[in-house]
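Okay, so here's the structure we're looking at.
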Amino acid sequence: MTIRVAVNGYNVIGRRVADAVALQSDMKLVGVAKVKPDYKANSAVEKGYKVFAADEKGEKAFRDSGIPCEGLSRDLVSASDIVIDATPEDVGSQNKQMYESLGRRAIFQGGEEHDVAGTSFVAQCNFDQAVGKKFVRVVSCNTTALCRVLHSIDEDFGISKANVVIARRAADPDESSKGPIDAVVLDPVTIPSHHGPDVNTVLPGFPVISMAMKIPTTHMHLHSLVVSVKRDLPSDDRVIDKLSKTPRLMLVSSKKDGIKSTANVMDLARELGRPRNDVFEAVVWKDSVKVIGNEIYFFMAVHQEAIVTPENVDAIRAVLDVSGARESMRMTDQSLKIKAN
Ligand code: NAD
C-alpha cells in the first residue's frame, strides 16, 4: 500500500516534512498547501510537488503570479489518506473540522494543545499509543528532544525528577522582524514554562520542571539538564553508554570533535551534507555528562527546524498501523541519513 500524504502549511516544518515524505518508499506526497505564492511555492513546483492554495484569495494570487496551483487545500486533503498539518499555532485546531468533515486522519504539531488530538507523540517513547488513532499531535522541538533523552535515562536508571533550563532561539532564520536582538528575555518569567508539563503528555511518570528564556540567535535551543534518578547510582560512563545507544541522539565532544557551540553543531551538519543543514538528532555533549550523587547533569542542543521531521513520518505509519515502531524508525532514519545508534 502506498500512503497518500498531504502537507498543509509549507514553511519551516511543512517543507521539511514534505521532503521527508517524498523520500519514503511506502508514501506518496500528493501535494502541499500554501497561503500565497512566493519563492518557496516556486521551488516546490520545481521539485515536482503539486501546490494548492489555502483559500480562494490565495488561489487567485497564484493564478496572477503564474505559479501553477492545483486547487484548494480541501481538494488536496480529499485526495489524500492523511494530512500533516504544519500550519502556525492554533490554525491547526481550526483546520481539524475540515479534516473531520472529509473523514481524513491528521497529524498536528506542537503549537497545538495536547487536546487537539488527545495523543501526543514521540516515536521512540509511545509509538504504539498512536496506532489506529484519527488524530495525533507530534510534540514541539524542545519536548521531542527532552522525551528522547529522559525516556532513555528512565529506562535504565528510573527518574524521580528532571529539571531543565532552556535557552531558546528567539526566531527562525527567515523571521527578520522578530527579536530580541540585544537582550535575554525570560519567556515566561513564571516557573515552570510549558515545556516540562508538555513532556508529561508523553512521559507521565515523573515531574519535569522547566525554565525558559529567549536568546538572540536563530539556530538551535540549548538545554541544561539536571536529572535525579532513583534506581542505581550510575557512573558518567554508564550514562554516556546508555545515551550513545539511544536512537536519534548525536553525541559530540568538545575535546575530541572540537564542538563547543551550537554554531559548531550547525557547521557539522553542513560538513555531513545534510539537506538545509538539518540536525534531526538531539545533540548531547558527551563531555558534559556528570553524575553527582543521584543527579545526572548534561548539556543538549536542539535544531528546532529539523528535529520533529522524523517524528512526523513515523506518526503517519503509526496512525495507519502499517509498521511497528522499530521498522518505521529504521526506514525513516535510513532515508534521512540518521545514523543508527
Ligand atoms: P510557519 O509559520 O513557519 O509555517 C506555517 C505556514 O503555514 C506559513 O507559511 C503560513 O503562511 C501557512 N498557513 C497559515 N495558515 C494556513 C492555512 N489555513 N492553510 C495552509 N497554510 C497556512 O510555522 P512553523 O514554524 O513551520 O510551525 C508549524 C507548526 O510546527 C506550529 O505548530 C509550531 O508550533 C510547530 N513547530 C515549529 C517549530 C519551529 O521551530 N519552527 C519546531 C517544532 C514545531
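The values are calculated or read from the model by the stated rules, or taken from the named source; none is laboratory data. Since this is a predicted model, take the numbers as computed values, not measurements. Note: ideal-geometry Cβ built from the backbone for every residue, glycine included; neighbour counts use all protein chains shown. What goes into the accessible areas is simple: the full protein's heavy atoms, side chains included, and nothing from ligands, DNA or RNA. Shrake-Rupley method; radii C 1.70, N 1.55, O 1.52, S 1.80 Å.
I need a count of the residues in segment 280-298 that are in contact with a strand residue (DSSP E or B) (Cβ under 7 Å, 6 or more places away or on another chain) and either farther than 20 Å from Ala162 by Cα or not assigned by TED's automatic domain parsing to the domain that holds Ile166 (or both).
Final tally of qualifying residues: 1.
Identify the single condition in (1) buried (at least 20 other Cβ atoms within 10 Å of the Cβ); (2) not assigned by TED's automatic domain parsing to the domain that holds Gln129 that Asp267 does not satisfy, given that it satisfies every other one.
For Asp267, the exception is condition (1).
Using beta carbons and a limit of 8 Å, which pairs, at least six apart or on different chains, have the first residue in segment 61-82 and more than 9 Å from Ala6 (Cα to Cα) and the second one more than 15 Å from the ligand (Cβ to nearest atom) and assigned to a loop (DSSP other than H, G, I, E, B)?
Listed by first residue and then by second, the contacts come to Phe62/Pro68.
Keeping to segment 1-21, report how many residues are among the small types (Gly, Ala, Ser) and within 8 Å of the ligand (Cβ to nearest atom).
Within segment 1-21, residues that are among the small types (Gly, Ala, Ser) and within 8 Å of the ligand (Cβ to nearest atom) number 2.
Does Ser80 satisfy the criteria of being open to solvent by less than 30 Å² (accessible area, probe 1.4 Å), away from the ligand (no atom under 13 Å from the Cβ) and assigned to a loop (DSSP other than H, G, I, E, B)?
Spelling it out, Ser80 is indeed open to solvent by less than 30 Å² (accessible area, probe 1.4 Å), away from the ligand (no atom under 13 Å from the Cβ) and assigned to a loop (DSSP other than H, G, I, E, B).
Condition first: crowded, with 16+ Cβ neighbours inside 10 Å and more than 14 Å from the ligand (Cβ to nearest atom). Now tell me which residues in segment 51-69 satisfy that.
Passing the criteria: only Ile67.
Output the number of residues of segment 136-154 satisfying the condition of being near the ligand (Cβ under 10 Å from one of its atoms) and farther than 12 Å from Met300 by Cβ.
5
Considering only residues that are among the aliphatic types (A, V, I, L, M) and closer than 24 Å to Asp154 by Cα, which ones fall in segment 291-316?
If the condition is that a residue be among the aliphatic types (A, V, I, L, M) and closer than 24 Å to Asp154 by Cα, then Val291, Ile292, Ile296, Met300, Ala301, Val302, Ile307, Val308, Ala315 are the ones that fit.
Which residue, of Thr87, Thr119, is buried (at least 24 other Cβ atoms within 10 Å of the Cβ) and of a type outside the set (A, V, I, L, M)?
Exactly one of Thr87, Thr119 is buried (at least 24 other Cβ atoms within 10 Å of the Cβ) and of a type outside the set (A, V, I, L, M), namely Thr87.
Condition first: assigned to a helix (DSSP H, G or I), under 18 Å from Ala79 (Cβ atoms) and either within 12 Å of the ligand (Cβ to nearest atom) or in contact with a Lys or Arg (Cβ under 7 Å, 6 or more places away or on another chain) (or both). Can you find one or more residues in segment 36-49 that meet it?
yes
I'm checking my understanding of the structure. Among residues of segment 135-161 that are touching a helix residue (DSSP H, G or I) at 6+ places or on another chain (Cβ under 8 Å) and among the basic types (Lys, Arg), which one is farthest from Ser224 (Cα to Cα)?
So the residue we want is Arg137.
Please indicate, with yes or no, whether at least one residue in segment 96-112 is in contact with a Lys or Arg (Cβ under 6 Å, 6 or more places away or on another chain), within 12 Å of the ligand (Cβ to nearest atom), under 28 Å from Ile307 (Cα atoms) and part of a helix (DSSP H, G or I).
no
State whether one or more residues within segment 167-184 are outside the structural domain of Asn95 (by TED's automatic domain parsing), open to solvent by less than 10 Å² (accessible area, probe 1.4 Å), charged (D, E, K, R) and on the phi < 0 side of the Ramachandran plot.
Scanning segment 167-184, I find no residue that is outside the structural domain of Asn95 (by TED's automatic domain parsing), open to solvent by less than 10 Å² (accessible area, probe 1.4 Å), charged (D, E, K, R) and on the phi < 0 side of the Ramachandran plot, so the answer is no.
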